[in-house]
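Take a look at the structure set out below.
The values are calculated or read from the model by the stated rules, or taken from the named source; none is laboratory data. The structure displayed is predicted, hence computed values, not measured ones. Ideal geometry is used to build each Cβ from the backbone, glycine not excepted, and the neighbour counts take in all protein chains shown.
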Amino acid sequence: MESTSPVQAIDNLISELPWWGWVLVAALGYLAVQVYQSVHISSKLPPSPGAFPVVGSFPLMGAKDGEPAHQMFARLGEKYGPICYLRMGNVPSIIISDGNIAKILLKDQDHIFASRPWMSAGKYMGMDFQSVVFAPSGPHYKRLRKIYTLELLSNKRVIASHGIREARLYGTVKSMHEDMERGEATNLSSALKTLSLNSLIGLIFGLTEDTVSKKLGTVDMEEVKDVVRCAVELGGEFNFGDYIPIARWLDLQGVIKRMKDLTKRMRVIAAGVIEEHRKLAASRGPSSPDDLTILDVVLNLDGDDVLSDDAMAGVIFDMIIAGSDTTAVSSDWTIAELLRQPKLMKKLQDELDAVVGKDRLMRESDIPNLPYLQCVIKESLRLHPPAPLGIPHCSIQPTTVAGYEIPAKTTALINLWAINRDPKNWKDPLQFIPERFEKLDVSVFGQDFSLLPFSAGRRGCSGMLLGLTMVQLIVGTLCHSFDFRTQGVKETEVDVINEKPGLVSMRAQDIFVKVTPRLSSHLFKK
């Protein structure tokens, strides 16, 4: 009998193995790696609850039904320390719950943690990682960041576009006054979402109040709004496929299919508005720089700054999706906190009356003269950062943080919610006390790592100035214009604890109010 060498035997086995055998071999190999990684967790990594094969640390994280992720991670931080290691599926991850350690990642080692991990939201809704939110570190991201900083969201452009924001807000004030005249309550939370979305659509596309609900060329603005609502919902939905490869392939949750379908709609919208703006630009001729919409600016880029259609679509939807809900929820949390404390509401209204008077509505130009309003917004952003975990960072190389070894391609989540409530930095950290900022000069723009509502570093929020300005204007104008009487619950019992799970920190229950005008009726008729 002719003997077969080991090499020949292996060759024969390979040639005769059916397709399902290869799947089985691959699965067993993957499982073996997972078992090895589960057992051999380096002692030089940060403290960890441990990990199982395939699913990693998920079963050990102590998640509660309906609990937002940032609250769960805060509890893990209390148990395991300010830097905690998790293996989420097969993705090595660290959770940061301390401002000093956040400073290491976002300032001292910003160049190492400035990339993004692979996420299905970035692949699909981020236009194949072309958007500034999801783009990995590299030349494309640097180019986008420069365009945002110098062109789209510069201080000059934010100031120049104040008229659009004021017009949208005054329209909301008028609508609330009309509700009052009909004896109806206003769903304030819903009104704030609509206001924020309409404001950003106006800024980007240049639509006036009477056209924001109609069409821009072939594009129905109601379709734009529906796509944004779907994107916010999908972006906040946890997807196991981002952490477990086989779950991504099987798509048991249906998240990837829904994202693919939504991306098709996003591309159709982007193509339509881009084509329409090109036609409008050609017909009207040269415009003053101050008259250009954000989309005009994007289309006028030249040289190395010219963007692909996908990158332009990424800009459009980054700004609408990231900006609209964060502005709305920040305004909603702030007014909810003020309703609970009538003395603070009166103090703010007294300042508004003294500075603005009773003969006109508040304007953006009033904000520098309203220090207590600024304190109120700072305190609200401290307690309720609009995106409590920000967007995940990813290390591009091995490094050491706080004495612990961090592997390359580690996902880093900065728990802004926990950092902003750290009792080491704040007296009575869970209480809403705007007065704490009257003598405390702390910036919300990422220079002070005890207060990080917008994160910090080169991946900090590009639109933080615009967002802060909008929240200050909205809260100031509404509190100056009206007194509020809540429906279904006493003002002092408005819920400021419970949240809906998701990427953005939304209050669990909408606020319904009946308003009483504080200003002359003719101001609400314009």
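Taking first residues from region 422-448 that are over 20 Å from Trp333 (Cα atoms) and partners that are surrounded by 15 or more Cβ atoms within 10 Å (Cβ to Cβ) and hydroxyl-bearing (Ser, Thr, Tyr), the Cβ contacts under 6 Å between residues at least 6 apart in sequence or on separate chains come to Asn425/Ser450. Restricting attention to region 122-160 and to residues that are more than 17 Å from the chain's Cα centre (by Cα), over 27 Å from Phe238 (Cα atoms) and of a type in the set (Ser, Thr, Tyr), the residue that is surrounded by the most Cβ atoms within 10 Å (Cβ to Cβ) turns out to be Ser154.
Scanning region 246-259 turns up at least one residue that is basic (Lys, Arg) and farther than 25 Å from Glu499 by Cα.
Can you tell me which residues in region 246-288 are touching a strand residue (DSSP E or B) at 6+ places or on another chain (Cβ under 6 Å), of a type outside the set (A, V, I, L, M) and without any contact (Cβ under 8 Å) to a residue 60 or more places away in the chain? Hit for region 246-288 is Gly272, nothing else. Quick check, is Asp350 touching a helix residue (DSSP H, G or I) at 6+ places or on another chain (Cβ under 9 Å), outside any loop (DSSP other than H, G, I, E, B) and without any contact (Cβ under 8 Å) to a residue 12 or more places away in the chain? Spelling it out, Asp350 is indeed touching a helix residue (DSSP H, G or I) at 6+ places or on another chain (Cβ under 9 Å), outside any loop (DSSP other than H, G, I, E, B) and without any contact (Cβ under 8 Å) to a residue 12 or more places away in the chain. The single condition from (1) farther than 22 Å from Phe449 by Cβ; (2) under 23 Å from the mean Cα position of the chain (by Cα) that Asn100 fails is (1). Restricting Ala281, Ala311 to residues that are in a helix (DSSP H, G or I), assigned by TED's automatic domain parsing to the domain that holds Thr172, among the hydrophobic types (A, V, I, L, M, F, W, C) and at pLDDT 90 or above narrows the list to Ala311.
Among the residues of region 390-409, the one identified as closer than 30 Å to Ala322 by Cα and without any contact (Cβ under 8 Å) to a residue 24 or more places away in the chain is Ala408.
Scanning region 186-202 for residues that are in contact with a helix residue (DSSP H, G or I) (Cβ under 7 Å, 6 or more places away or on another chain) and outside any helix (DSSP H, G or I) returns a single hit, Thr186.
Taken over region 491-508, the criterion of being touching a residue at least 60 places away in the same chain (Cβ under 8 Å) and more than 24 Å from Lys346 (Cβ to Cβ) is satisfied by Glu499, Lys500, Pro501, Gly502, Leu503, Val504, Ser505, Met506. Within region 340-359, does at least one residue satisfy the condition of being buried (at least 23 other Cβ atoms within 10 Å of the Cβ), under 30 Å from Leu523 (Cβ atoms) and of a type outside the set (A, V, I, L, M, F, W, C)? No; the residues of region 340-359 include none that is buried (at least 23 other Cβ atoms within 10 Å of the Cβ), under 30 Å from Leu523 (Cβ atoms) and of a type outside the set (A, V, I, L, M, F, W, C). Of the residues making up region 74-94, those that are closer than 13 Å to Ala51 by Cβ, out of contact with any Ser or Thr (no Cβ under 6 Å at 6 or more places or on another chain) and surrounded by 24 or more Cβ atoms within 10 Å (Cβ to Cβ) number 1.
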